[in-house]
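Engineer: Encoded as structure tokens, here's the structure I'll be asking about.
The values are calculated or read from the model by the stated rules, or taken from the named source; none is laboratory data. What you are looking at is a predicted structure, and each value in this text was computed from that prediction instead of being measured. In this analysis, Cβ positions are derived from the backbone assuming ideal geometry, glycine residues included, and neighbour counts consider all displayed protein chains.
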Amino acid sequence: MRASALVASCKAVAVTASLSSPLGALFVTVDEAGRVLRVGFDAGDTDLVSDAAAIAHVARAFDAYFRGRGDAFDGLELAARGTEFQETVWRELRRIPFGATCTYGELAAACGRPGAARAVGMANHVNPIAIIVPCHRVISAGGRLVGYAAGLERKQALLAHERRDSLLFA
């Protein structure tokens, strides 16, 4: 078997499609089993495929989320890959309740690495699954909104939505 054929046969099949949200288009990538690999406000480095059926389960979850259901993403399987520490941070992020926030330091302590607030910030920065892995719920020690790759306006809107302070998503 030629090397290029071997590489092609080893690649997992993934589909990226877009869905509408109150914050603009979301681009969702799922693998052949429907596990979420990526959610972002840009298409990333993937080719966009018009396959709404492939992401229908994710679209339903986002619809429920934007209607105020804090448990909307509970049934989704995620398949993001990172370093061991990044994956630990991403798991801990999913434990932050809908409508709540925590600081980078608190999250570092929850990950078993007190004092690693900056490393937690870097793991948040490379989080490939926006909103579902809720890095928008992490704030500075002083309570300020900082460091959201999709923009602080979106972070503020997501937090307001989760606290039900906003009619933006009603």
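Engineer: Scan segment 8-23 and give yes if some residue there is modelled with pLDDT of 90 or more and part of a helix (DSSP H, G or I), otherwise no.
Structural biologist: Looking for residues that are modelled with pLDDT of 90 or more and part of a helix (DSSP H, G or I), one finds none in segment 8-23, hence no.
For every residue, the table says whether it meets (1) without any contact (Cβ under 8 Å) to a residue 60 or more places away in the chain; (2) buried (at least 18 other Cβ atoms within 10 Å of the Cβ); (3) over 26 Å from V146 (Cβ atoms).
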site: F27; (1), (2), (3): yes, yes, no
site: A53; (1), (2), (3): yes, no, yes
site: R60; (1), (2), (3): yes, no, yes
site: R69; (1), (2), (3): yes, no, yes
site: Q86; (1), (2), (3): yes, yes, no
site: P97; (1), (2), (3): yes, no, no
site: A108; (1), (2), (3): yes, yes, no
site: G112; (1), (2), (3): yes, no, no
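Engineer: Determine, yes or no, whether T101 is β-branched (V, I, T), at pLDDT 95 or above and within 16 Å of P134 (Cα to Cα).
Structural biologist: yes
Engineer: Here are some conditions: (1) farther than 22 Å from F62 by Cβ; (2) touching a strand residue (DSSP E or B) at 6+ places or on another chain (Cβ under 9 Å); (3) of a type outside the set (A, V, I, L, M). R118 meets all but one. Which one does it not meet?
Structural biologist: Just one mismatch for R118, condition (2).
Engineer: Within segment 119-142, track down each residue that is of a type in the set (G, A, S) and without any contact (Cβ under 8 Å) to a residue 40 or more places away in the chain.
Structural biologist: A119, G121, S140, A141, G142
Engineer: Take segment 24-52 and flag every residue that is more than 14 Å from the chain's Cα centre (by Cα), modelled with pLDDT under 75 and not acidic (D, E).
Structural biologist: Correct list: T46, L48, V49, S50.
Engineer: From the set of residues in segment 56-84 that are small (G, A, S) and assigned to a helix (DSSP H, G or I), which is farthest from I139 (Cα to Cα)?
Structural biologist: In this case the residue turns out to be A56.
Engineer: With the checklist (1) under 17 Å from the mean Cα position of the chain (by Cα); (2) within 27 Å of P22 (Cβ to Cβ); (3) in a helix (DSSP H, G or I) in hand, flag the one item E87 doesn't pass.
Structural biologist: If we test E87 against (1) under 17 Å from the mean Cα position of the chain (by Cα); (2) within 27 Å of P22 (Cβ to Cβ); (3) in a helix (DSSP H, G or I), just (2) comes out false.
Engineer: Which of the residues spanning segment 147-170 are modelled with pLDDT under 90, more than 22 Å from G44 (Cβ to Cβ) and surrounded by 13 or more Cβ atoms within 10 Å (Cβ to Cβ)?
Structural biologist: S166, F169
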